[in-house]
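Asker: First the structure, which I've put down as structure tokens, then a few questions once you've had a look.
The values are calculated or read from the model by the stated rules, or taken from the named source; none is laboratory data. Keep in mind the model is a prediction, meaning the values are calculated, not measured. Here the Cβ positions follow ideal geometry from the backbone for every residue, glycine too, while neighbour counts run over all protein chains shown.
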């Protein structure tokens, strides 16, 4: 007899009112990912610590849930889906098609300090293409991200850049140490939050006059994506890195244009830099229109060296990762999620325990006709039974008293309108199907 | 640059060929559970160790993945879904409808010795009804189990008993210690494996002549379920426990009969005993016809004291738990799973990098028409591209050379028949939809 205790701090139970819209959301994303040929992968929650250790910087090693298992092995809970993907590509290479286009959805665990909107267990829904350097793969990763947001009813804006362009800038500014390069990119990344002026001041302090002049020119380029790319190319026409970055983005925007995406959906934004050091090509972030304050709900990019650096084969890769919990919050905020506490469509009221076999028979027939149905377990006052339907949002209650049972009829009450109709029991399923179809 | 290493022993990666049929399987089960009004619940992978400790016997505490987290808290990975359900019912009671009918699917972790078919991470798909003592709830748990197997194309047999009947037997045999009662039930439980003769010998050795005579009478009752129940009632008409058990099962079989389930699907089997001590009423196991050797793929029962014993409110409960991994093996063995390595239906061949925008445009249109489609990323020999379609089982390849592009036509090649047809590009989606509909 233990004292009741709750769930761990930073961990959540998800009850029906979260889970029903959440599952609908995940299914829509999955259908979009599959429409592009991504195939599912599931990896274990636990990995050898040696696989994950050192892959996420100092902070990662600190936040990781690591421990010794029963056999004395050092293990850790999954921290993201990218490192397990690299392990899978290494371990199962002979069984995988190349390019390998996989999606995965699942929890990751990080021992962050619990705070509003931050959890220690959260869900990432990733799609990655391993084994292709094609710009078509880059364009596809952007398109699949845009389509996912559209399938959820959300207007989204994907802002795209290429790390090679930032590399060119760093090079031209005479910045040589990786640490300084990281700081410079972090300053560019802050433009959205603190404004160009303050970001330039930071660059001026940290990296000097040459860097700040270049960054000012770079950030000052205006216009539509293709125009900006042409202008940038002229700014540093000698740089190989710049040309590589520009060429890639021109192809990506050409392909996205051919597929029908507009500047309202995908734009080149030179202030996108992304924090992670492992990106090597295209990088992007996604905001929901009307909920920009949430930050990026879906980001990613190209990471051509990561699989090799993780000890795997030398395979290029590009991917996208949806932050499921943040996206859910955004969709809820924007009213794109249909609230629901149950999937049940019909509650069969219980007036008499002797009639229970008939109630069960009727509910069984409704289920076989594709109508999720429940029988109230105990005979109870009608008010109590209708109250349950009301509380759960079950749209119809079927009433069959003993008189009705004798006559072979049933009454359907619409919870919405309060209206009641009497129908013969054999026609119950058909009537309810029509009512449900009309209401949806 | 770490040395490549594999996944942990006892843990599995699931690649597309497992995941695609597995997801289809889980969706079918979910649809059945939802048709009965069960609502989804998700609980964290990690719980306080104090919540799980001591709930699964000595073995459970030994096999549990437990450790200290970053904040020095004792935590453990989920060992099943039942104890977390009891915690949820305690923690969120005011938010939950009563009876609370919930389903949950997710991994559980047990540090068992890895061996064939045994994993340290495996999936359970549970449905439970908390807060009702009604026999209708018992019948529903049996029905939802039977319907799930039927939805998967499997013929299943659910064998049902009631712990109260076994309690009556134990009492009549003069067995008083819980340990002896457990041993007696374990011997009954072995009848299927070792035969009635050997089980009776074991009972004779352990519990003496009175027990063995009673057990022989008990196991000797023959016939259809209802007849057996009547015969058993006569065997021990004085026992309150026996009468309770018999009354419950008679109602359950009456309701299942009303809903159309036959003796081929659900039977009373007095040799079902179930290992776990916490069952208090109905208990059952499920075998797949043609794959009986796998053992029970889905079992459960009534556990009216568990929620209270776990520190929660005094709420009765009954539930079913599908062993997803074992069920998957059984369905695969029986040929009920459609093998697939991808969901892609069309591969658009790539003959010329200059035509890539057109290929992308075509694939986009196919996707919008509901046809999962991929473009081959690099121009390559047709044989190589068709080879990929063949390897992955993509049924159609669309061929658009530069001549065809000029004429505005495309060739559809069926990978199955090898036949090719030429169609105007604007009619491509419609043609492929018809071909796919005809083939399915």
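Asker: Determine which single condition residue B:97 fails, assuming it passes every other condition in (1) out of contact with any strand residue (DSSP E or B) (no Cβ under 6 Å at 6 or more places or on another chain); (2) assigned to a loop (DSSP other than H, G, I, E, B); (3) more than 7 Å from every other protein chain (Cβ to nearest Cβ).
Answerer: (3)
Asker: Can you name every residue in region A:1-35 that is farther than 20 Å from residue A:335 by Cβ, in contact with a helix residue (DSSP H, G or I) (Cβ under 8 Å, 6 or more places away or on another chain) and more than 7 Å from chain B (Cβ to nearest Cβ)?
Answerer: A:31, A:32, A:33
Asker: Something else now. Condition first: under 30 Å from residue B:397 (Cα atoms), under 18 Å from the mean Cα position of the chain (by Cα), touching a residue at least 60 places away in the same chain (Cβ under 8 Å) and not in a loop (DSSP other than H, G, I, E, B). Can you find one or more residues in region A:42-61 that meet it? Walk me through how you get there before you give the answer.
Answerer: Within region A:42-61, the subset under 30 Å from residue B:397 (Cα atoms) is A:42.
Of the ones still in play, those that are also under 18 Å from the mean Cα position of the chain (by Cα) are A:42.
Those left that are additionally touching a residue at least 60 places away in the same chain (Cβ under 8 Å): A:42.
Subset that is not in a loop (DSSP other than H, G, I, E, B): A:42.
Within region A:42-61, one or more residues are under 30 Å from residue B:397 (Cα atoms), under 18 Å from the mean Cα position of the chain (by Cα), touching a residue at least 60 places away in the same chain (Cβ under 8 Å) and not in a loop (DSSP other than H, G, I, E, B).
Asker: Find the helices (runs of 4 or more DSSP H) located wholly in region B:132-198 whose residues include 3 or more that are away from chain A (no Cβ under 14 Å) and surrounded by fewer than 24 Cβ atoms within 10 Å (Cβ to Cβ), and list them. Write out each step before concluding.
Answerer: Values: elements: B:135-151, B:163-172, B:178-189, B:191-194.
Per the criteria, B:163-172, B:178-189, B:191-194.
Asker: Then there is this: Any residue at all in region A:148-157 that is under 27 Å from residue B:378 (Cα atoms) and assigned by TED's automatic domain parsing to the domain that holds residue A:35? Step through it out loud before you land on a result.
Answerer: So in region A:148-157, the residues under 27 Å from residue B:378 (Cα atoms) come out as A:148.
Those still in the list that are assigned by TED's automatic domain parsing to the domain that holds residue A:35 too: A:148.
Yes - at least one qualifying residue is present in region A:148-157.
Asker: Just one of the numbered conditions (1) touching a helix residue (DSSP H, G or I) at 6+ places or on another chain (Cβ under 7 Å); (2) surrounded by fewer than 19 Cβ atoms within 10 Å (Cβ to Cβ); (3) assigned by TED's automatic domain parsing to the domain that holds residue A:24 is not true of residue A:312; which one?
Answerer: Tallying (1) touching a helix residue (DSSP H, G or I) at 6+ places or on another chain (Cβ under 7 Å); (2) surrounded by fewer than 19 Cβ atoms within 10 Å (Cβ to Cβ); (3) assigned by TED's automatic domain parsing to the domain that holds residue A:24, residue A:312 fails exactly one: (2).
Asker: With (1) surrounded by fewer than 17 Cβ atoms within 10 Å (Cβ to Cβ); (2) on the phi < 0 side of the Ramachandran plot; (3) more than 14 Å from chain B (Cβ to nearest Cβ) as the list, and residue A:295 as the residue in question, which single condition is left unmet?
Answerer: (2)
Asker: Further question on the same structure: How many residues are closer than 24 Å to residue A:360 by Cβ, in contact (Cβ under 8 Å) with a residue 40 or more places away in the chain, part of a loop (DSSP other than H, G, I, E, B) and away from every other protein chain (no Cβ under 14 Å) if we restrict to region B:228-268?
Answerer: Summing the residues that are closer than 24 Å to residue A:360 by Cβ, in contact (Cβ under 8 Å) with a residue 40 or more places away in the chain, part of a loop (DSSP other than H, G, I, E, B) and away from every other protein chain (no Cβ under 14 Å) in region B:228-268 gives 1.
Asker: Does residue A:37 qualify as being assigned to a loop (DSSP other than H, G, I, E, B) and surrounded by 23 or more Cβ atoms within 10 Å (Cβ to Cβ)? Lay out the reasoning, then the answer.
Answerer: Values: assigned to a loop (DSSP other than H, G, I, E, B): yes; surrounded by 23 or more Cβ atoms within 10 Å (Cβ to Cβ): yes.
Answer is yes for this residue.
Asker: Which of the residues spanning region A:170-187 are within 23 Å of residue A:316 (Cα to Cα), in contact with a helix residue (DSSP H, G or I) (Cβ under 6 Å, 6 or more places away or on another chain) and touching a residue at least 60 places away in the same chain (Cβ under 8 Å)?
Answerer: If the condition is that a residue be within 23 Å of residue A:316 (Cα to Cα), in contact with a helix residue (DSSP H, G or I) (Cβ under 6 Å, 6 or more places away or on another chain) and touching a residue at least 60 places away in the same chain (Cβ under 8 Å), then A:185 is the only one that fits.
Asker: Suppose we filter A:57, A:10, A:37, A:117 for residues that are at pLDDT 95 or above and either on the phi > 0 side of the Ramachandran plot or not assigned by TED's automatic domain parsing to the domain that holds residue A:151 (or both); which single one remains? It would help to see each step written out before you state the result.
Answerer: Details: A:57 fails: at pLDDT 95 or above; A:10 fails: at pLDDT 95 or above; A:117 fails: at pLDDT 95 or above.
Exactly one residue qualifies, and that residue is A:37.
Asker: Something else now. Can you tell me which of B:409, B:386, B:397 is more than 14 Å from every other protein chain (Cβ to nearest Cβ), surrounded by 13 or more Cβ atoms within 10 Å (Cβ to Cβ) and modelled with pLDDT of 95 or more?
Answerer: Testing whether each residue is more than 14 Å from every other protein chain (Cβ to nearest Cβ), surrounded by 13 or more Cβ atoms within 10 Å (Cβ to Cβ) and modelled with pLDDT of 95 or more leaves just B:409.
Asker: Of all residues in region A:62-77, count the ones that are more than 8 Å from chain B (Cβ to nearest Cβ) and under 25 Å from the mean Cα position of the chain (by Cα).
Answerer: Initially, region A:62-77 is screened for residues more than 8 Å from chain B (Cβ to nearest Cβ), giving A:64, A:66, A:72, A:74, A:76.
This time we only want the ones that are under 25 Å from the mean Cα position of the chain (by Cα), so: A:64, A:76.
Summing the residues that are more than 8 Å from chain B (Cβ to nearest Cβ) and under 25 Å from the mean Cα position of the chain (by Cα) in region A:62-77 gives 2.
Asker: Next question, about the same structure. Restricting the search to region B:121-131, which residues are within 9 Å of chain A (Cβ to nearest Cβ) and surrounded by 24 or more Cβ atoms within 10 Å (Cβ to Cβ)?
Answerer: B:129, the sole residue that qualifies.
Asker: Out of region A:328-369, which residues are surrounded by 20 or more Cβ atoms within 10 Å (Cβ to Cβ), touching a strand residue (DSSP E or B) at 6+ places or on another chain (Cβ under 7 Å) and under 29 Å from residue A:109 (Cβ atoms)?
Answerer: If the condition is that a residue be surrounded by 20 or more Cβ atoms within 10 Å (Cβ to Cβ), touching a strand residue (DSSP E or B) at 6+ places or on another chain (Cβ under 7 Å) and under 29 Å from residue A:109 (Cβ atoms), then A:330 is the only one that fits.
Asker: Can you tell me which residues in region A:274-293 are more than 17 Å from residue A:320 (Cβ to Cβ) and touching a residue at least 12 places away in the same chain (Cβ under 8 Å)?
Answerer: Keep residues of region A:274-293 that are more than 17 Å from residue A:320 (Cβ to Cβ), which gives A:277, A:289-293.
Selection gives A:277, A:289, A:290, A:291.
Asker: Right, something else. Take the residues in region B:359-370 that are in contact with a helix residue (DSSP H, G or I) (Cβ under 6 Å, 6 or more places away or on another chain) and within 8 Å of chain A (Cβ to nearest Cβ), then tell me which one is farthest from residue A:33 (Cα to Cα).
Answerer: B:361
Asker: Report every pair of residues separated by at least 6 positions or lying on different chains whose Cβ atoms are under 6 Å apart, first residue within region B:65-84 and touching a residue at least 60 places away in the same chain (Cβ under 8 Å), second part of a helix (DSSP H, G or I) and surrounded by 20 or more Cβ atoms within 10 Å (Cβ to Cβ).
Answerer: Once the first residue is touching a residue at least 60 places away in the same chain (Cβ under 8 Å) and sits in region B:65-84, its partners that are part of a helix (DSSP H, G or I) and surrounded by 20 or more Cβ atoms within 10 Å (Cβ to Cβ) give B:83/B:52.
Asker: State whether the residues of region A:174-183 include one that is assigned by TED's automatic domain parsing to the domain that holds residue A:259 and at positive phi.
Answerer: As a first pass, look at region A:174-183 and keep what is assigned by TED's automatic domain parsing to the domain that holds residue A:259: A:174-183.
Filter once more, keeping what is at positive phi: A:174.
The answer is yes; a qualifying residue exists.
Asker: Which of the numbered conditions does residue A:43 fail, given that it passes all the others? Conditions: (1) under 29 Å from residue A:338 (Cα atoms); (2) modelled with pLDDT of 95 or more; (3) at the interface with chain B (Cβ under 10 Å from one of its Cβ atoms).
Answerer: Residue A:43 satisfies all of (1) under 29 Å from residue A:338 (Cα atoms); (2) modelled with pLDDT of 95 or more; (3) at the interface with chain B (Cβ under 10 Å from one of its Cβ atoms) except (1).
Asker: Only residues that are more than 7 Å from chain B (Cβ to nearest Cβ) and either buried (at least 18 other Cβ atoms within 10 Å of the Cβ) or in contact with a helix residue (DSSP H, G or I) (Cβ under 9 Å, 6 or more places away or on another chain) (or both): list them for region A:50-61, please. Walk me through how you get there before you give the answer.
Answerer: Initially, region A:50-61 is screened for residues more than 7 Å from chain B (Cβ to nearest Cβ), giving A:52-61.
A:52, A:53, A:54, A:55, A:56, A:60, A:61, listed by residue number.
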